[in-house]
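The values are calculated or read from the model by the stated rules, or taken from the named source; none is laboratory data. Predicted model, so just to flag it, every value in this text is computed and none were measured. Because the Cβ atoms are built from the backbone with ideal geometry, glycine has one as well, and the counts that use them run over all protein chains shown. Just the protein is used for accessible areas: all its heavy atoms, side chains included, with ligands, DNA and RNA removed. Shrake-Rupley method; radii C 1.70, N 1.55, O 1.52, S 1.80 Å.
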Amino acid sequence: MNVPFVDLKTQYANLRDDMMPAIDSVCAGSRFILGDDVKQFEHDFAAYLGVKHAIGVASGTDALHLALRALDIGEGAEVITAANTFIATAGAIWQAGARPVFVDCEPESYNMDPAALKKAITGKTRAVIPVHLYGQTANMTAILAIAREAGIRVIEDACQAHGAYHGNARAGSMGDIGCFSFYPGKNLGAYGDGGAVVANDPELAAKIRVLRDHGQTEKYRHMVKGFNSRLDGIQAAVLGVKLPHLDIWNAKRAEHAAAYSEALAKIGGIVVPKVVDYGVNVRGKLSHVFHLYVVRVPKRDRVKEALAAAGVQTGIHYPIPIHLQSSFAELGYGKGGFPLTEKYADEALSLPMFPELSREQVAHVCRSLAGAMKA
Ligand SMILES: *Cc1c(COP(=O)(O)O)cnc(C)c1O
């Protein structure tokens, strides 16, 4: 049996009857850039999250970059984020001209450690970007309180956590600005690149609308210098077809995660993901939407190879922490800077995770992993 890491083909086959007319309508109306499909999706996505404004942009990275620009955070500013994240979080800070400052993660959620955040704040800190890694919301209660006290902005990187809750609030809706990616493999994925910035403040939302479209308030009237970072009509139509399924898909991911964890608990030596309760979790509202199901195992690379030999495709998120990447060597971090992040980079292994996983596939992964651990 072969188990892919993600399977977007099965999802497409299930959606095809709704998807083709939606795409056809955009093409027939030639609403390719922005337009009514984008407006409709922005409206629906904002309503889904419980925020006042959503602005479609070209990617999750752009969402983070434009969020910083809208807050006038750039040259001379420090922005704190997690060392344990995808490179794009730091890349966006650099794009805005600010300096990324990293902090280590918590041992159970793998998310930003609020105590470390507090220690990292300096007179130059203007914002913190907590990342809801793997689909689990960070400790936003603590992070928001620390940020408020320090007078710094909060930009949520919700690129892996579409639909996740912290208490009664959805990921992305709690900070000053929330950022989403619609990269195809994300929990809500387009058929190409896409992203969204969400906010409750109408002024911030208006600024982002201008920034994403060459800084124009009306055609050929450029009040500020902007960027070309718009969501395509076709991508908006695709996302509009998918959005009504998101909560069901997330529930399925959580079910697969529970099945994995139950089976893997019987095998020694595997650390399974933990759903952390910060005292705010609400029954029926998922605080972890399992964008990724990440276990920790000793001799990870050998286990990964053994799984591949058994037809099980896995991933590593992430093998080299950002502070050890040569592209960010200029920041002066070295090995030992963030011990937990570094340890997890050596041990983390992402098992196949997508809503359409079958029971048989989950069982095959667990059986294969048991075999790999013994070998
Ligand atoms: C995917 C992702 C991004 C970037 O999104 P793109 O749409 O690929 O630019 C940023 N941060 C995190 C945590 C991500 O997983």
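Miscellaneous remarks
- In segment 115-142, the residues that are more than 23 Å from Gly97 (Cα to Cα) form Cβ pairs under 8 Å with partners that are of a type in the set (Lys, Arg), at six or more places apart or across chains, as follows: Gly135/Arg253.
- In the set (1) open to solvent by 80 Å² or more (accessible area, probe 1.4 Å); (2) more than 16 Å from the ligand (Cβ to nearest atom), the condition left unmet by Ala206 is number (1).
- Answer from Phe45, Phe32, Phe5 - the residue that is open to solvent by less than 20 Å² (accessible area, probe 1.4 Å) and among the aromatic types (Phe, Trp, Tyr): Phe45
- Residue satisfying all of: in segment 44-79; charged (D, E, K, R) and in contact with a Ser or Thr (Cβ under 8 Å, 6 or more places away or on another chain); nearest to the ligand (Cβ to nearest atom) among these: Asp62
- Within segment 243-277, the set of residues being of a type in the set (Lys, Arg) and buried (at least 20 other Cβ atoms within 10 Å of the Cβ) comprises Arg253 only.
- Cβ separations smaller than 9 Å between residues 6+ apart or across chains give the following pairs from segment 282-304 residues that are polar (S, T, N, Q) to residues that are part of a loop (DSSP other than H, G, I, E, B) and away from the ligand (no atom under 16 Å from the Cβ): Ser287/Gly167; Ser287/Val275; Ser287/Val276; Ser287/Asp277; Ser287/Tyr278; Ser287/Val280; Ser287/Asn281.
- Ala199, sole failed condition from (1) surrounded by 15 or more Cβ atoms within 10 Å (Cβ to Cβ); (2) touching a Pro at 6+ places or on another chain (Cβ under 8 Å): (2)
- Condition check for Asp37: buried (at least 21 other Cβ atoms within 10 Å of the Cβ), away from the ligand (no atom under 16 Å from the Cβ) and in a helix (DSSP H, G or I): yes
- Identity of the residue in segment 137-171, away from the ligand (no atom under 15 Å from the Cβ) and in a loop (DSSP other than H, G, I, E, B), that ends up most open to solvent (accessible area, probe 1.4 Å): Asn168
- Asn111, sole failed condition from (1) open to solvent by 20 Å² or more (accessible area, probe 1.4 Å); (2) in contact with a helix residue (DSSP H, G or I) (Cβ under 6 Å, 6 or more places away or on another chain): (1)
- Scope segment 12-34; condition touching a helix residue (DSSP H, G or I) at 6+ places or on another chain (Cβ under 8 Å), not in a loop (DSSP other than H, G, I, E, B) and not small (Gly, Ala, Ser); matching residues: Tyr12, Leu15, Asp18, Met19, Ile23, Val26, Cys27, Ile33
- Unmet requirement for Gly192, which otherwise passes all of (1) in contact (Cβ under 8 Å) with a residue 60 or more places away in the chain; (2) in a loop (DSSP other than H, G, I, E, B); (3) open to solvent by less than 30 Å² (accessible area, probe 1.4 Å): (1)
- Residue identified as touching a helix residue (DSSP H, G or I) at 6+ places or on another chain (Cβ under 8 Å), within 16 Å of the ligand (Cβ to nearest atom), in contact (Cβ under 8 Å) with a residue 60 or more places away in the chain and under 18 Å from Leu66 (Cβ atoms) among Val198, Val238: Val198
- Scanning segment 309-350 for residues that are open to solvent by 70 Å² or more (accessible area, probe 1.4 Å) and aliphatic (A, V, I, L, M) turns up Ala309, Ile320.
- Those residues of segment 326-358 which are touching a helix residue (DSSP H, G or I) at 6+ places or on another chain (Cβ under 9 Å), among the hydroxyl-bearing types (Ser, Thr, Tyr) and in a helix (DSSP H, G or I), in sequence order: Ser327, Thr341
- In segment 233-273, the residues that are of a type in the set (S, T, N, Q) and more than 22 Å from Tyr293 (Cα to Cα): Gln235
- Sole exception among (1) farther than 27 Å from Gly91 by Cα; (2) open to solvent by 10 Å² or more (accessible area, probe 1.4 Å); (3) in contact (Cβ under 8 Å) with a residue 24 or more places away in the chain for Val26, by number: (2)
- Restricting the first member to segment 172-184 and to residues that are under 18 Å from Gln11 (Cβ atoms) and open to solvent by less than 30 Å² (accessible area, probe 1.4 Å), and the second to residues that are of a type in the set (Val, Ile, Thr) and within 12 Å of the ligand (Cβ to nearest atom), the beta-carbon pairs closer than 8 Å and six or more apart or on different chains are Ser181/Thr61.
- Residue in segment 82-101 that is within 16 Å of the ligand (Cβ to nearest atom), open to solvent by 10 Å² or more (accessible area, probe 1.4 Å) and at positive phi present: no
- Top-ranked residue of segment 111-136 - restricted to ones that are outside any helix (DSSP H, G or I) and among the charged types (D, E, K, R), ranked as nearest to the ligand (Cβ to nearest atom): Asp113
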